[in-house]
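Notes for the one structure printed next.
The values are calculated or read from the model by the stated rules, or taken from the named source; none is laboratory data. Note that the coordinates shown come from a computational prediction; the quantities given were computed from them, not determined experimentally. Because the Cβ atoms are built from the backbone with ideal geometry, glycine has one as well, and the counts that use them run over all protein chains shown. To get the accessible areas, we keep the full protein, side chains included, count just its heavy atoms, and leave off ligands, DNA and RNA. Shrake-Rupley method; radii C 1.70, N 1.55, O 1.52, S 1.80 Å.
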Amino acid sequence: MGSNQSVSREDSMEKIANILKDPKSKVLFFVGAGISATSDGEPLIPDFRSPGTGLFYNLAKLDLPTPESVFDIDFFSENPQPFYSLCKDLHPTLVKFPPTRFHYFMKLTNDHNQLIRIFSQNIDTLERATGLDSDKIIEAHGSFAEEFCIECDEKAQKEHFEKQLLADEIPKCEHCEGILKPGIVFYGEQLPDRFHECSDTDLTDDVDLCIFAGTSLNVYPFAGLASDVSDNTLRVLINRERAGDFMYNPRKSDILLLEDCDKIVDEIAELCGWKDELDKLVDQH
Ligand code: CNA
């Protein structure tokens, strides 16, 4: 599958590579759990919705009203245990995941001065782990980088939080004994202001390439960004399935690469002459 037109996969890949070979190009990424789900074909961090492996398919043992309840702020206030059970497989303090080839490919566009911003729905902090400046990253759904008390809103001392997490306790606030919650955006909570500010300023007519990857484009307002892309900009979806606006409002110029995202960026890097740089970034970790 190359695109929704009769353009070949090869021509689609060339088109993307030609944009990236131009040092003046401006590039935005919009990414989700799929970019962290596998690394070189091996499972890494499960996404939500992939049949069989996705987190939502494996939450039955937690006996939740719905799988989404694990990220529901009202449910969490009453019963934080299911969320903290899930943290055993996800929290960077407990499990150390390396960035994938896809993460390093995004970093490479920054090394080539083309990256405007990465809008990520992921909470795993792997964009930061590539060494990218935090200014280049929007963690639209927050991240595990900081923790706050759900009662007094006080930011927790990292050591205090980690000590309780490692002891398999529900982490509590030092000041008021309220439950501590990582700074990830739960259902029913506002997205960070920076998400709105930067999506307003970044999605301009002079952006050359917007790459959407590893996302089912099911969660709003993030998913709505796909329709905010200018008609002057090339939209690309690198995902195992067709998703969101690429399915409901496809544009003639859209490129759809419905394959493994690590594999696709490897091929694009090869076409750009960036393969050695990419290998070096991946190997250094
Ligand atoms: P999702 O709804 O689970 O969709 C993931 C998408 O990625 C699916 O369409 C898959 O087909 C696709 N996919 C899976 N593996 C690959 C691969 N190797 N190559 C290409 N495509 C692949 O996840 P979304 O990000 O769209 O949903 C938003 C939620 C998921 C956000 O709120 C995240 O916080 C949340 N989440 C994040 C993580 C993480 O930080 N790593 C993990 C699980 C869930």
The stretch 216-237, residues that are open to solvent by 10 Å² or more (accessible area, probe 1.4 Å) and β-branched (Val, Ile, Thr): Val219
For the stretch 137-159, the count of residues that are of a type outside the set (Asp, Glu), open to solvent by 50 Å² or more (accessible area, probe 1.4 Å) and not in a strand (DSSP E or B) equals 4
Counting residues that are under 21 Å from Ser6 (Cβ atoms), of a type outside the set (S, T, N, Q) and over 16 Å from the mean Cα position of the chain (by Cα), which strands (runs of 3 or more DSSP E) fully inside the stretch 204-285 reach at least 2? 234-238, 255-257
Can you tell me which residue among Arg194, Arg240, Arg251 is within 11 Å of the ligand (Cβ to nearest atom) and open to solvent by 10 Å² or more (accessible area, probe 1.4 Å)? Arg240
Go through the stretch 254-285 residue by residue and tally those that are open to solvent by 20 Å² or more (accessible area, probe 1.4 Å) and of a type in the set (Gly, Ala, Ser). 1
Go over the candidates Asn79, Asn58, Asn18 one by one and state the one that is polar (S, T, N, Q), within 26 Å of Leu225 (Cβ to Cβ), out of contact with any Ser or Thr (no Cβ under 7 Å at 6 or more places or on another chain) and more than 9 Å from the ligand (Cβ to nearest atom). Asn18
Checking the structure you have, find out if any residue of the stretch 180-196 is in contact with a Pro (Cβ under 6 Å, 6 or more places away or on another chain) and over 17 Å from Gln114 (Cβ atoms). yes
In the stretch 173-200, anything touching a residue at least 60 places away in the same chain (Cβ under 8 Å) and over 22 Å from Lys158 (Cα atoms) is listed as Tyr187, Gly188, Glu189, Phe195, Cys198, Ser199
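So which of Leu94, Leu132, Leu115, Leu108 ends up being in contact (Cβ under 8 Å) with a residue 24 or more places away in the chain, open to solvent by 30 Å² or more (accessible area, probe 1.4 Å), away from the ligand (no atom under 13 Å from the Cβ) and among the aliphatic types (A, V, I, L, M)?
Testing whether each residue is in contact (Cβ under 8 Å) with a residue 24 or more places away in the chain, open to solvent by 30 Å² or more (accessible area, probe 1.4 Å), away from the ligand (no atom under 13 Å from the Cβ) and among the aliphatic types (A, V, I, L, M) leaves just Leu94.
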Please find, among Asp74, Asp89, the residue that is touching a residue at least 40 places away in the same chain (Cβ under 8 Å), outside any loop (DSSP other than H, G, I, E, B), under 20 Å from Ala145 (Cα atoms) and not hydrophobic (A, V, I, L, M, F, W, C). Asp89
